[in-house]
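Have a look at the structure below before the remarks.
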Amino acid sequence: MRFPTLVPVVLCGGIGSRLWPLSRKASPKPFQKLTTERPMLVETLARTPETLEGADIAAPLVICAEAHAALVRGAMMVSDDSDGWVITEPEGKNTAPAIALAAHFAIEQEGEDALILISPSDHDIGDLLAFHAAIEQGVTLAKAGYLVTFGIKPDRLETGYGYIRLGEALSSGYAVSSFTEKPNETRAEALIKEGALWNSGMFLLPAWAYLDALAQFRPDMAQQCEAAWQSRTETGKHLLSPGVEAWTPIQGDSIDYAVMQETDRAAVVPVDMRWSDIGSFASLHEQADKDIADNAIRGRAVIEQSRGNLVLSEGGRTVTMVGCEDLVVVDTPDSILIVPREKAQDVRVLHAHLKAIGRDDLL
């Protein structure tokens, strides 16, 4: 019996503005060592299962900005994925067009029944066995034509994530009843009480079914993506770039809005895999190893009578603190960030302000 081939696809975009001054244009969040001694992209590539029940595993595909192709290649060498492919986008268009390129690539490389596993490059997963088991469940659903996402059981009230309401039970998951994107606190609390899951932003898709759905709900985008794929150029070994003339006019959108919230073939696999999107310094503090006083420290630091702090000393200096609680302190060679942990999401506001006043040297 021939199994379909699953192509691991890593989306390596975004600037990680909430993690400034660590994350910057030249070396954004996926290339930072945040949760381990290896960059986030290396960790993402390394967690791909070697074998799966019901599918063969292909070499990975990473989709990134042109400026980061060399960094991606370096990460692939570290993770023993030197035979993998890279697609560079002339400009970012959000996830829906990027995944369309991945679907065209997978069909051309692996055949009409190819599956694609979509993973952001900057998430943290603590339980790989649970993650791999969820992928096997997702393969079963994807082979039946479902567009599969992975849902995380909420452990707190969170307004920064999308939520998934469960519908009828399927063979190895649930149909999706509805999506709710970043609800307010009242709505988020109600969704959690009724058993809704966080949308992890990870997907397992039959390549053909995704392209069919995109053609149905966003025919303009589907046509432009196909034209961009057909006019692609190979700019190096296993290095592709879509045709610029077809790619540039695309009005970007996320897979969530363009496809998942429109289709009646959306399914979700619930999984408890100690997941975090490391979306801010607050979530980094949650995932980090901490001392008895709940302080997470990396680099040179001396702390007294302080509790609940995150200290990242990257500038070669020694950070000292006395009597401080629940602060984030990030020291880099050219910048020092100090922010209450509860305000960590607002670092992106600071990032926007620096951009507005022309401080590109800090970005």
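For the reader, a short list of remarks on this structure follows.
- Residue that is within 19 Å of Asp277 (Cβ to Cβ) and either touching a Phe, Trp or Tyr at 6+ places or on another chain (Cβ under 6 Å) or open to solvent by less than 30 Å² (accessible area, probe 1.4 Å) (or both), where the choices are Pro8, Pro49, Pro21: Pro8
- Ile292 vs. criteria within 23 Å of the chain's Cα centre (by Cα), part of a loop (DSSP other than H, G, I, E, B) and β-branched (Val, Ile, Thr): no
- The residues in segment 76-95 that are part of a loop (DSSP other than H, G, I, E, B) and of a type in the set (Phe, Trp, Tyr) can be counted, and the count is 0.
- Pairing each residue of segment 48-72 that is in a loop (DSSP other than H, G, I, E, B) with any residue that is of a type in the set (Lys, Arg), provided the two are 6+ apart or on different chains, yields C-beta distances under 9 Å for Gly54/Lys143.
- Among residues of segment 256-271 being more than 15 Å from Ile118 (Cα to Cα) and among the charged types (D, E, K, R), the one that is surrounded by the fewest Cβ atoms within 10 Å (Cβ to Cβ) is Asp264.
- When Asp272, Asp294, Asp264 are checked against the criterion of being among the charged types (D, E, K, R) and touching a residue at least 40 places away in the same chain (Cβ under 8 Å), Asp272 stands alone in meeting it.
- Restricting attention to segment 1-51, the residues being within 15 Å of the chain's Cα centre (by Cα) and aliphatic (A, V, I, L, M) number 11.
- Residue that is farther than 12 Å from Leu117 by Cβ and not acidic (Asp, Glu), where the choices are Leu19, Leu6, Leu11, Leu52: Leu19
- Hits in segment 268-315 - residues which are hydrophobic (A, V, I, L, M, F, W, C) and within 30 Å of Ala142 (Cβ to Cβ): Val268, Val269, Val271, Met273, Trp275, Ile278
- Considering Ala59, Ala26, Ala69, Ala65, the condition of being surrounded by fewer than 17 Cβ atoms within 10 Å (Cβ to Cβ) and out of contact with any Phe, Trp or Tyr (no Cβ under 9 Å at 6 or more places or on another chain) is satisfied by Ala26 alone.
- Segment 130-179, subset among the hydroxyl-bearing types (Ser, Thr, Tyr) and part of a strand (DSSP E or B), residue most open to solvent (accessible area, probe 1.4 Å): Tyr174
- Sole exception among (1) open to solvent by 80 Å² or more (accessible area, probe 1.4 Å); (2) within 17 Å of Pro340 (Cα to Cα) for Ile292, by number: (2)
- Residues that are in a helix (DSSP H, G or I) and open to solvent by 40 Å² or more (accessible area, probe 1.4 Å) within segment 96-129 comprise Glu108, Gln109, Glu110, Leu128, Leu129, listed in sequence order.
- Qualifying residue in segment 13-21 (condition: hydrophobic (A, V, I, L, M, F, W, C), out of contact with any Asp or Glu (no Cβ under 6 Å at 6 or more places or on another chain) and assigned to a loop (DSSP other than H, G, I, E, B)): yes
- First in segment 343-363 and among the polar types (S, T, N, Q), second anywhere and buried (at least 16 other Cβ atoms within 10 Å of the Cβ) and in a loop (DSSP other than H, G, I, E, B), Cβ under 7 Å, 6 or more apart: Gln345/Ser280
- When the helices (runs of 4 or more DSSP H) confined to segment 180-247 are screened for residues that are crowded, with 18+ Cβ neighbours inside 10 Å and at pLDDT 95 or above, those reaching at least 3 such residues are found at 207-217, 219-230.
The values are calculated or read from the model by the stated rules, or taken from the named source; none is laboratory data. Worth saying up front: this structure is predicted, and the values here are computed from it rather than measured. Every residue, glycine among them, receives a Cβ derived from its backbone with ideal geometry; neighbour counts consider all protein chains shown. Ligands, DNA and RNA are excluded from the accessible area calculation, which covers all protein heavy atoms including side chains. Shrake-Rupley method; radii C 1.70, N 1.55, O 1.52, S 1.80 Å.
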